[in-house]
1. In segment 20-31, which residue that is part of a helix (DSSP H, G or I) and open to solvent by 50 Å² or more (accessible area, probe 1.4 Å) is farthest from Asp67 (Cα to Cα)?
2. Identify, from the list Glu63, Glu73, the residue that is under 19 Å from Leu19 (Cβ atoms), at pLDDT below 95 and not aliphatic (A, V, I, L, M).
3. Return the pair list, or none, for Cβ contacts closer than 7 Å from residues in segment 3-25 that are in contact (Cβ under 8 Å) with a residue 60 or more places away in the chain and over 21 Å from Asp61 (Cβ atoms) to residues that are assigned to a helix (DSSP H, G or I) and among the aliphatic types (A, V, I, L, M), at least 6 apart or on different chains.
4. Check segment 57-74 and report whether any residue there is among the acidic types (Asp, Glu) and crowded, with 19+ Cβ neighbours inside 10 Å.
5. hydroxyl-bearing (Ser, Thr, Tyr), touching a Lys or Arg at 6+ places or on another chain (Cβ under 7 Å) and surrounded by 14 or more Cβ atoms within 10 Å (Cβ to Cβ) - does that describe any residue in segment 77-89?
6. Filter segment 32-56 for residues that are assigned to a loop (DSSP other than H, G, I, E, B) and of a type in the set (Lys, Arg) and give the result.
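The values are calculated or read from the model by the stated rules, or taken from the named source; none is laboratory data. A quick note: this is a predicted structure, and the numbers were derived from the prediction, not measured. When we count neighbours, we look across all protein chains shown, and the Cβ atoms used for this are built from the backbone with ideal geometry, even at glycine. Protein only, heavy atoms only, side chains kept; ligands, DNA and RNA dropped before computing areas. Shrake-Rupley method; radii C 1.70, N 1.55, O 1.52, S 1.80 Å.
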Amino acid sequence: MDNKVILSSLAMDLKRVALGYYRGSLKMADRFLDEALKRSREVDMTRIKPGLKKTLERIKDLEHQNDKSKAAEDALLYSTLIQNAALSKNL
């Protein structure tokens, strides 16, 4: 599958994670976090820039974040960064 499609889908999953944590719907947020983690493993890491690789690696840290407000902020940040990368002409 094309990296741009995967990254766009990943960004949407992370936005849903952020919304879930903000709204206090931990079950929903955790479900979409699982989807985001699966999708992040689908990305062809050899074809993306190093900065985006770091962002993708940080998604795993959301699982272990105890402060759900901070996790929501991080998920929203990663979502925006990934969406911007997906929309750029060169990853």
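1. Here the residue is Arg31.
2. Of the residues listed, the single one that is under 19 Å from Leu19 (Cβ atoms), at pLDDT below 95 and not aliphatic (A, V, I, L, M) is Glu63.
3. Lys4/Ala86; Ser8/Ala86
4. Yes, there is a match, as at least one residue in segment 57-74 is among the acidic types (Asp, Glu) and crowded, with 19+ Cβ neighbours inside 10 Å.
5. There is at least one residue in segment 77-89 that is hydroxyl-bearing (Ser, Thr, Tyr), touching a Lys or Arg at 6+ places or on another chain (Cβ under 7 Å) and surrounded by 14 or more Cβ atoms within 10 Å (Cβ to Cβ).
6. Arg41, Lys49
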